[in-house]
Amino acid sequence: MIEENERILRLREKARRLPLLPGVYIMKNKSGTIIYIGKAKQLKSRVSQYFGAGNQHTDKVRTMVSHVEDFEYIITDSEYEALVLECSLIKQHTPRYNILLKDDKGYHYVKISSGDWKRITECKTMVNDGSTYLGPYTSSFVVKQAVDEANKLFQLPQCTRKFPQKFGKGRPCLNYFIKQCCAPCRGKISSEEYEGLVKEAVEYLRGEKSFSSVQLKKQMEQAAENLDFEKAARLRDRINALKRIQEKQKVVASKIQEQDVIALAELSGSGCIEVFRFTSGRLYDRESFLLGPIEGASEARSQFIKAYYTMRDKIPPQVTLDGKIDDMELLSQWLSQKAGRKVKITVPQKGEQYKLTEMCRNNAAETLAQDMGRTGKEAAALDELGRMLGLANTPSYIEAYDISNTAGSDNVAGMVVFEDGRPLKSAYRRFSIKDIVGQDDYGSMKEVIIRRLERYKEQKDTNEGFGRLPDLILLDGGKGHVATIQPVIRQYGLDIPVFGMVKDDKHRTRAITSDGSEIAINSNRSAFTLVSTIQEEVHRFAISFHRQKRSKSSFSSELEKIKGIGPAKAKALLAAFSNINRIKNAGLNEQQKAPGMDKASAKAVYEYFAGQKDNQ
């Protein structure tokens, strides 16, 4: 521990001697290996933050700092030069704690198998097996999409059945009934007809023949005039299939012809970024990147852009993000220089572009949730809630509080915890209000939060239970509750967002409030469901404790009617027997064994309840 303190003091002192100039800093471990590279507008200010006393770093940064043995720095003439140098050094040294992306964009092919009953599939390697291959393509998304379109458009089978061995064996699958397969398994299509479908599908994939709806319609009308109604019906089905494909494409179409859409999803401190790549207004590629632990949304986006476009040659004229980054202008300048033309970085707030970022983020949330064994809905709800409340990061660990009493008596509070969108019942806590007399919900809530934060001071080294701070505090109440609690949080030197959960006249969640205004959440479906669930759960937990305490109070009052039984002995009896019925049915010897009871008191209790039985 002494060596650790000496290390931090040494590094802190070295950081204080740095100049207030732009540059790049290079963190190294004991073996001299570079573990992190960053840039700064002012080296002294930025590097000193890593070794400052009482810092509030994330786990990832804290771990990185614990391995730093020394650091170097390079002064540059401008922050932009620092950015360029940072990207170059990261690519050269691949430090462990920088966001590093694996460029696994290998080649992909469309495979047309050999034989009489060919199949069209996607594959990663060419094999000398007599098959025909189209490609190579760098995007697996493009290949999979094209193969799927061709098979559906020309009604080619995508099952594992082998032909002609499986002719007439078993019923056709669902694809036949929804007109997405010609079903060779029925044995009613000749090999010549099937070969014709495959040939047309290959021409479609090669782009050698136009398959526009207008031309297909002309062919259908010509077939009908020639009384070839079977061919006309096939063309009609192909036109309908093409329309369905085009409608599907419109969902992810963009008025901006060429752009990349980048969105970040967070869960439990980890991040995932999704990239939608558009050309000619159409989505032509998508990629997902699991980032692991991240320091913050803005920092993660910034680091990702540097890493991603360092390994990508094609840079579009526009990069659309789902959230702001601190060095947006610098990164735009850097991308423009790499592309040899102007590159714009934008963060849309509404309209088509905003909807594209939402779709992109939902896909990132789904990927991240699956990787962590969660559901996409949970990740999306937390992400939506964080954005709606204007939080810097997605709230993974949420505490909610509610006060419950009857006209000021038996005053209690309940605290529930939701982690990653699910109840964490092991962290639930109950509070009996001690200092507030009568019905004072604001005072009661203040007492509870103070007691909770005092416990944090005692247990913060454990990072468990009260030793773990929440990312968000929700109070069952309005802006008065929030205005009462926010000063308490600041008094302890903490920066925890606090919001109130407001109910309507039917006791249903209506809005979330800060100390100034209300935020309607009904239109944010995922966040609304999550907040409603939290509010119902904390209310249920608080009121169940209140009812339990009120029940014990009434039993205690009844016991105190017995001569020789005061509050202490009544409490001891209830603790020993759990409820009044067990006390009534207990024998004289059993009652005497209860803590604080003597023979005379036990006899008085026994005779009191025995008398009640005789009067029944």
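Every condition in (1) in contact with a strand residue (DSSP E or B) (Cβ under 8 Å, 6 or more places away or on another chain); (2) within 19 Å of Leu267 (Cα to Cα) holds for Ile345 except the one numbered (2). Of the helices (runs of 4 or more DSSP H) lying entirely inside segment 264-372, those containing at least 2 residues that are under 27 Å from Ser526 (Cα atoms) and out of contact with any Gly (no Cβ under 6 Å at 6 or more places or on another chain) span 297-310, 351-371.
Among residues of segment 346-366 that are under 17 Å from Arg301 (Cα atoms), those with a Cβ under 7 angstrom from a residue that is surrounded by fewer than 20 Cβ atoms within 10 Å (Cβ to Cβ) and among the hydroxyl-bearing types (Ser, Thr, Tyr), sequence gap 6+ or separate chain, pair up as Pro348/Tyr354; Ala364/Ser288. Taken residue by residue, segment 148-167 has no member that is among the basic types (Lys, Arg), without any contact (Cβ under 8 Å) to a residue 24 or more places away in the chain and under 16 Å from Val110 (Cα atoms). For Lys457, the stated conditions hold: it is in the same structural domain as Val538 (by TED's automatic domain parsing), at pLDDT below 90 and among the basic types (Lys, Arg). The single residue among Val110, Val47 that is in contact (Cβ under 8 Å) with a residue 12 or more places away in the chain, farther than 30 Å from Asp148 by Cα and of a type in the set (A, V, I, L, M, F, W, C) turns out to be Val47. Taken together, Met27, Met64 contain a single residue that is in contact (Cβ under 8 Å) with a residue 12 or more places away in the chain, surrounded by 20 or more Cβ atoms within 10 Å (Cβ to Cβ) and part of a helix (DSSP H, G or I), which is Met64. Take the conditions in a strand (DSSP E or B) and not hydrophobic (A, V, I, L, M, F, W, C) and apply them to Tyr456. Does it pass? Criteria not met by Tyr456. If you check Arg422, Arg361, Arg387 for being outside the structural domain of Val482 (by TED's automatic domain parsing) and out of contact with any strand residue (DSSP E or B) (no Cβ under 9 Å at 6 or more places or on another chain), only one passes: Arg387. Being within 30 Å of Gln42 (Cα to Cα), surrounded by fewer than 16 Cβ atoms within 10 Å (Cβ to Cβ) and modelled with pLDDT of 85 or more is true of Ser88. The set of residues in segment 567-616 being at pLDDT 75 or above, surrounded by fewer than 17 Cβ atoms within 10 Å (Cβ to Cβ), part of a helix (DSSP H, G or I) and not aliphatic (A, V, I, L, M) consists of Arg582, Asn585, Asn589, Glu590, Lys599, Lys603. Residues in segment 264-290 that are surrounded by 22 or more Cβ atoms within 10 Å (Cβ to Cβ), more than 12 Å from the chain's Cα centre (by Cα) and not acidic (Asp, Glu) were compared, and the one that is nearest to Gln370 (Cα to Cα) is Phe276.
All of (1) part of a helix (DSSP H, G or I); (2) under 24 Å from the mean Cα position of the chain (by Cα) hold for Arg451 with one exception: (2).
The residue that is modelled with the highest pLDDT, among those in segment 300-314 that are surrounded by fewer than 20 Cβ atoms within 10 Å (Cβ to Cβ) and not basic (Lys, Arg), is Thr310.
Among residues of segment 1-22 that are within 20 Å of Leu43 (Cα to Cα) and touching a residue at least 12 places away in the same chain (Cβ under 8 Å), those with a beta-carbon under 8 Å from a residue that is of a type in the set (A, V, I, L, M, F, W, C) and part of a helix (DSSP H, G or I) at least six positions away or on a different chain give the pairs Ala15/Val47; Leu18/Leu43; Leu18/Val47; Pro19/Leu43; Leu20/Leu43; Leu21/Leu43; Pro22/Leu43; Pro22/Ala82.
The values are calculated or read from the model by the stated rules, or taken from the named source; none is laboratory data. Keep in mind the model is a prediction, meaning the values are calculated, not measured. Because the Cβ atoms are built from the backbone with ideal geometry, glycine has one as well, and the counts that use them run over all protein chains shown.
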